[in-house]
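Engineer: Mind looking over this structure? Questions follow.
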Amino acid sequence: MIVFPAIDLKDGEAVRLLKGEMDTATVFNSNPAAQAKEFEDAGFEFLHMVDLNGAFEGRPVNRVAVENIVKTVSMPTQLGGGIRDIKTIEQWLDAGVTRVILGTVAVKNPELVMEACKKFPGKIVVGIDARGGMVATEGWAETSDLKATDLARKFEDVGVSAIVYTDIDRDGLLQGCNVESTANLARAISIPVIASGGVASVEDIKQLKLVEDAGIEGVICGRSIYDGRIDAKEALSIASGAIATR
């Protein structure tokens, strides 16, 4: 199981939000590339990034910060936020991002996801952000009437590499990951699922590790890493199976 440290970018800085609200941003590092290097030096092997401004504006905004991160670290990266067309996907991949995450466009134009999977095999991740089990879009500003599981099933057998499943109600609150709903989604589909939202401690990683066989590829950790609640070495040992979870 992969532990993905998260860098959420707002106005060129690494921040964390509470429940996706832009006016709740806490700046954790004004130099995101340096933060990414810290994560790599700590032993993390895959970086998760979100262009928060881009998610709200529907276009790439933090391009310079992302490019600096990609140049600074050698580990693979995945990026979401404001990626709504094939041209933008191509631009990010050309810039060195390993995988792109499609969220709002997956709801509003699922055919584009399918086209992208054919054009960029192994490079497309779908981000499903849910509030009360229903899919949210436009940087979480809107909630649809579509169930998360129904959206995920649309992308079976089209080549999606993974699904990042975020429980918005817990995001940034350190109340614990919604392990049950994440595992239920993973069992409902054949696409690997990455858990996100509310991860508060290594206990959450242990609980996810116990249901890894449901189809959980990894877990994204943000605020809990920044404020020291999660120790990198311990988290990575649990995720790799080096530390028993039972």
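The values are calculated or read from the model by the stated rules, or taken from the named source; none is laboratory data. These numbers were taken from a predicted model, which means no experiment stands behind them. No Cβ is skipped: glycine too gets one built from the backbone with ideal geometry, and neighbour counts run over all protein chains shown. For accessibility, only protein heavy atoms count, side chains too; no ligands or nucleic acids. Shrake-Rupley method; radii C 1.70, N 1.55, O 1.52, S 1.80 Å.
Engineer: Considering only protein heavy atoms, what is the solvent-accessible area of Asp169 at a probe of 1.4 Å, reported in Å² to the nearest 10?
Structural biologist: 60 Å²
Engineer: How far, in nm, would the chain grow between Lys119 and Met75 when pulled straight, counting 0.36 nm per residue and subtracting the alpha carbon separation? Display every interim value, and only then the final one.
Structural biologist: Numbers: separation 44, 0.36 × 44 = 15.84 nm, distance 2.32 nm.
Between Lys119 and Met75, full extension yields 13.5 nm more.
Engineer: Follow-up. Averaged per residue, what accessible surface does region 2-240 expose to a 1.4 Å probe, in Å²?
Structural biologist: Computed with neighbouring chains in place, this is 39 Å² per residue.
Engineer: Next question. Between Val64 and Glu156, with labels modelled 7 Å along Cα→Cβ, what's the label distance in nm to one decimal, could you check?
Structural biologist: 4.7 nm
Engineer: Also, I was wondering about something else. Name the residue, out of Gln175, Gln91, Gln207, whose mean-square fluctuation peaks in a Gaussian network model built on the chain with Cα pairs under 10 Å.
Structural biologist: Gln91
Engineer: Right, another one. Does region 153-213 come out rounded, prolate or oblate by the C-alpha gyration tensor, with a ≥ b ≥ c the root eigenvalues, rounded set by a/c under 1.5 and, if not, prolate when a/b is larger than b/c and oblate if not?
Structural biologist: prolate
Engineer: Can you tell me the alpha carbon radius of gyration of the chain divided by the globular rule-of-thumb value 2.2 N^0.38 Å?
Structural biologist: Numbers: Rg = 16.2 Å, N = 246, 2.2 N^0.38 = 17.8 Å.
Ratio of Rg to 2.2 N^0.38 Å for the chain: 0.91.
Engineer: Hey, another quick one. What is the antiparallel percent of DSSP beta bridges lying wholly in the chain, to the nearest 5?
Structural biologist: Once the DSSP bridges in the chain are tallied, antiparallel ones form about 30 percent.
Engineer: Another one. For a Förster distance of 51 Å, can you work out the FRET efficiency between the beta-carbons of Lys147 and Asn29, rounded to the nearest 0.05?
Structural biologist: Efficiency, rounded to the nearest 0.05: 0.90.
Engineer: Then there's this: Calculate how many DSSP beta bridges within region 2-65 are antiparallel, expressed in % of all such bridges and rounded to the nearest 5.
Structural biologist: Among the beta bridges of region 2-65, antiparallel pairing accounts for roughly 65 percent.
Engineer: If you don't mind, another one. Would you calculate, for the chain, the mean residue ellipticity at 222 nm contributed by helices, counting each DSSP H stretch of 4 or more residues as -39,500 (n - 2.57) and dividing by all residues, to the nearest 500?
Structural biologist: -9500 deg cm²/dmol
Engineer: Write down, largest first, the equivalent ellipsoid semi-axes of region 8-107 in whole Å, where each equals the square root of 5 times an eigenvalue of the alpha-carbon gyration tensor.
Structural biologist: Over the Cα atoms of region 8-107, the ellipsoid semi-axes are 20, 18, 11 Å.
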